[in-house]
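Colleague: The structure's right below; bear with me while I get my questions together.
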Amino acid sequence: MSAADFDLPSDQVAHLLIGAMLLVDGVGGRIVETEAYDREDPASHSFSGPTARNQVMFGPPGRAYVYRSYGIHWCLNFVCREEGHGAGVLIRALEPLRRLELMRERRGVDDERLLCSGPGRVGQALGITSELNGARLDRSPFQVFASTERLPVMNGPRIGISKAKEVHWRFGLENSKYLSRKFEKFTSQPG
DNA sequence: CGAACGATTAGCT
DNA sequence: GCTAATCGTTCGA
């Protein structure tokens with residue numbers, strides 16, 4: 001995918017990314033769960049304007065925004081919309097497909113379903129660190145290929161937030177074993 | 001400068 | 001289901 005593909009509202013990109021192949025240095029798999037965030041969104045890091053941490057969200061679309069979560073985990077986002085807007089998509093889960101042994105080693109677990117099912121796990125399995133904050137998604141080490149298939153996508157409330165819980169900007173591949181959690185309430189998107 | 005709070009996970013009950 | 005771990009970011013004094 002090119003930078004222009006991310007110059008769209010983050011909920012559209014979050015939906016579009018379900019089924020896409022994501023690789024970092026050849027390690028990764030198929031995206032099965034995402035969440036959208038936007039400048040006008042109280043749950044978003046960008047809601048209160050640019051800061052040292054979130055400055056990449058206010059840069060050009062098609063870049064990686066990487067942040068430290070709970071002092072422990074690295075979480076990977078894709079910057080969306082026009083430059084300066086402050087929108088992004090959090091990559092919450094992958095179906096692991098490439099270089100599973102390296103992911104098992106990095107994660108310290110064998111179970112395939114625990115390799116990339118959660119944003120912190122995705123970061124650890126793919127070797128994401130702050131060094132990749134601001135990196136272009138159309139250049140090494142990233143590779144992002146949109147799905148050519150029409151896939152059944154469901155959506156629902158985002159996870160782990162305290163504000164804007166009524167916004168259903170969590171998207172997931174229906175029937176995937178690799179979601180970080182079940183979708184309790186969801187509406188199926190028209191295929 | 002201090003304090004509160006996470007876009008989480010793992011491990012235990 | 002509940003909670004400790006763990007520390008950078010943010011905001012108010």
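Bear in mind that the values in this text are calculations on the coordinates, not laboratory data. This one's a predicted model, so the numbers in the text were calculated from it and none came from an experiment. FYI the Cβ positions are ideal-geometry reconstructions off the backbone, even for glycines, and counts take in every protein chain you see.
Colleague: Across segment A:152-167, what is the number of residues that are part of a strand (DSSP E or B) and among the charged types (D, E, K, R)?
Modeller: Total satisfying the criteria: 0.
Colleague: Starting from residues that are hydrophobic (A, V, I, L, M, F, W, C) and either assigned to a loop (DSSP other than H, G, I, E, B) or touching a residue at least 60 places away in the same chain (Cβ under 8 Å) (or both), keep the ones in segment A:53-65 and report whichever is farthest from A:LEU23 (Cα to Cα). Steps first, answer last, please.
Modeller: First pass over segment A:53-65, keeping only residues hydrophobic (A, V, I, L, M, F, W, C): A:56-58, A:64.
Now narrow it down to the ones that are either assigned to a loop (DSSP other than H, G, I, E, B) or touching a residue at least 60 places away in the same chain (Cβ under 8 Å) (or both): A:56, A:64.
On the way: A:VAL56: 21, A:ALA64: 13 Å.
Step by step, filter segment A:53-65, then rank; the result is A:VAL56.
Colleague: For the subset of segment A:69-90 comprising residues that are touching a Phe, Trp or Tyr at 6+ places or on another chain (Cβ under 7 Å) and more than 7 Å from DNA strand B (Cβ to nearest atom), which member is farthest from A:ALA164 (Cα to Cα)?
Modeller: Checking each candidate, the answer is A:GLY84.
Colleague: Same structure again: Being under 23 Å from A:LEU173 (Cβ atoms), in contact (Cβ under 8 Å) with a residue 60 or more places away in the chain, within 16 Å of DNA strand C (Cβ to nearest atom) and not small (Gly, Ala, Ser), is that true of even one residue in segment A:72-84?
Modeller: Taking every residue of segment A:72-84 in turn, at least one turns out to be under 23 Å from A:LEU173 (Cβ atoms), in contact (Cβ under 8 Å) with a residue 60 or more places away in the chain, within 16 Å of DNA strand C (Cβ to nearest atom) and not small (Gly, Ala, Ser).
Colleague: Just to be sure I understand the filter: pairs with C-beta atoms under 9 Å, separated by 6 or more residues or on different chains, first member in segment A:38-52 and over 15 Å from A:ARG158 (Cβ atoms), second member in a loop (DSSP other than H, G, I, E, B) and near DNA strand C (Cβ under 8 Å from one of its atoms). Which pairs pass?
Modeller: These pairs meet every condition: A:ARG39/A:GLY49; A:SER48/A:ASN54; A:THR51/A:HIS45.
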